[in-house]
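The values are calculated or read from the model by the stated rules, or taken from the named source; none is laboratory data. Worth saying up front: this structure is predicted, and the values here are computed from it rather than measured. Cβ: placed from backbone, ideal geometry, glycine included. Neighbour counts: every protein chain shown.
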Amino acid sequence: MKNPLMALVRTLKFPLLSLPALARCLLASVTALTLLLAPAWKAQAQVQVQEAGTPPAAPGVVLESALRFGILPLGGAYESRNDWVPVLADLSRAIGRPVSVLSVTSYGALEEAIKRNEVDMAFLSGRMALDAITLHGMKVVAQVTRPDGLPGYRALLLGRKGAGPESLEQVLADPEQWRLARGERRSMSGYIVPQLQLFLPRHIHMETRFRSELVGTHQYTALAVANGDADIATNNTADLARFRLQFPTEAERLRVLWQSELIPHAQIVMRRGYPPEFQKRVQDFLVGYGRAPGPAGDAERALLKSLHDLAGFIAADDLSLLPAANLAYQLGRQGAMEAQWVDTASRDARLARLAQEHEQQVRALRVGAGVAVEERGAAR
């Protein structure tokens with residue numbers, strides 16, 4: 001049997017070499033190419049994938065190694081990570097240090113990573129950002145913006161065309177008939193806002209009143225309805241627009257049954273332990289990203305477009321989370337009012353604790369933003 005490698009060598013009219021000699025030549029060529037390209041590789045940004053469970057630093061200590069960036073799994077963990085990597089590569093070049101991406105599959109996993117000090121910076125929605133600031137020593141540095149120019153997005157309730165409930169009235173009249181797909185309890189549009197603005201005012205608890213429930217990302221819940229695994233699903237305007245691009249066939253099967261009031265956009269947070277000048281460099285990078293004219297700016301704007309259809313970032317501080325704090329308080333209060341109590345004293349005690357927790361959150365946000373705490377009543 002003819003040796004195929006030697007036949008290829010003869011076909012290409014290379015000098016006839018023994019296999020060992022040919023291997024040495026190839027190795028030398030690869031080595032030379034590596035040395036030639038090494039400077040270019042070193043100039044590239046360093047973005048590494050990090051799994052949950054990376055050994056944490058001591059509390060309050062900021063590592064001089066990679067900046068660890070955590071991302072909400074709005075679609076899937078893999079997709080969310082890949083969407084952010086090009087922007088984080090530009091961030092790495094701007095700040096002169098590597099950036100690692102924390103890949104998680106749920107809100108809970110990212111929350112635990114923040115608790116364990118495994119995340120230095122993160123893209124978070126309102127409730128998770130609120131906890132990160134008030135409980136885990138982080139601060140808001142920027143807030144995302146979208147091409148429509150609105151200061152927020154809307155939660156949605158989705159149904160399937162030609163199947164399931166035909167109207168919101170049918171859902172509310174007999175919730176036990178329908179299968180629900182919803183977001184995790186920390187999700188603003190997947191749980192908190194639909195519960196607060198749609199279901200609890202009608203004395204419907206999402207966890208107990210429906211025939212069954214599935215819990216997952218916005219992509220997961222939309223697919224569940226489109227594929228007939230659920231009858232209705234919570235979602236939001238931003239992620240539904242992205243879903244239409246990724247799954248056009250499935251998106252055609254969906255219809256919107258309800259939409260909420262505006263929910264403030266998500267925030268970028270980072271640990272307070274970094275020097276102020278470094279925090280400012282990160283904030284300046286975010287605020288300036290996608291705003292330059294010409295080809296460079298066009299390339300950045302294209303990356304933002306692919307990144308959850310963002311228009312860019314604006315400078316923000318902890319006060320941007322006041323709406324999230326108010327929504328969380330309203331949800332807790334309404335849930336307490338709807339619950340069954342052995343006596344009114346127990347209910348009133350719960351309401352008092354919720355009010356106290358809310359006041360503490362507002363105080364922490366004002367302190368974090370450098371606002372005098374005596375003014376905190378104005379935020380209520």
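Entry remark, region 208-236: residues being surrounded by 22 or more Cβ atoms within 10 Å (Cβ to Cβ) and hydroxyl-bearing (Ser, Thr, Tyr) number 3 in total. For region 165-177, a residue qualifies if it is of a type outside the set (A, V, I, L, M) and surrounded by fewer than 19 Cβ atoms within 10 Å (Cβ to Cβ), and the qualifying residues are Glu166, Ser167, Glu169, Gln170, Asp174, Glu176, Gln177. When Arg68 is tested against the conditions (1) of a type outside the set (A, V, I, L, M); (2) surrounded by 19 or more Cβ atoms within 10 Å (Cβ to Cβ); (3) in a loop (DSSP other than H, G, I, E, B), the lone failure is (3). Just to be sure, is Ala129 of a type in the set (Gly, Ala, Ser), buried (at least 23 other Cβ atoms within 10 Å of the Cβ) and outside any strand (DSSP E or B)? The answer is yes for Ala129. Taking each residue of region 230-252 that is under 19 Å from Phe199 (Cα atoms) and looking for partners that are outside any loop (DSSP other than H, G, I, E, B) and of a type in the set (Asp, Glu) with beta-carbon atoms closer than 9 Å, six or more apart or interchain, yields Ala230/Glu213. For region 142-163, the set of residues classified as crowded, with 20+ Cβ neighbours inside 10 Å and more than 20 Å from Gln259 (Cβ to Cβ) consists of Ala142, Gln143, listed by residue number.
Which condition does Gln259 not pass, out of (1) in contact with a Gly (Cβ under 9 Å, 6 or more places away or on another chain); (2) under 30 Å from Arg160 (Cβ atoms); (3) not β-branched (Val, Ile, Thr), if it passes all the others? So Gln259 meets the others, but not (1).
When each of Arg333, Arg353, Arg363, Arg347 is tested for being out of contact with any helix residue (DSSP H, G or I) (no Cβ under 8 Å at 6 or more places or on another chain), outside the structural domain of Leu110 (by TED's automatic domain parsing) and of a type in the set (Lys, Arg), the lone residue that passes is Arg353.
When only residues in region 254-289 that are among the β-branched types (Val, Ile, Thr) and touching a helix residue (DSSP H, G or I) at 6+ places or on another chain (Cβ under 9 Å) count, which is surrounded by the fewest Cβ atoms within 10 Å (Cβ to Cβ)? Only one residue tops the list, namely Val256. Among the conditions (1) of a type in the set (S, T, N, Q); (2) in contact with a helix residue (DSSP H, G or I) (Cβ under 9 Å, 6 or more places away or on another chain); (3) not in a loop (DSSP other than H, G, I, E, B), the only one that Thr105 does not satisfy is (3).
For Lys139, state whether it is loosely packed, with under 13 Cβ neighbours inside 10 Å and either under 17 Å from Leu240 (Cα atoms) or in contact with a strand residue (DSSP E or B) (Cβ under 7 Å, 6 or more places away or on another chain) (or both). Answer is no for this residue. The condition of being closer than 22 Å to Val282 by Cβ, surrounded by 15 or more Cβ atoms within 10 Å (Cβ to Cβ) and at pLDDT 85 or above holds for only one of Glu359, Glu300, that being Glu300.
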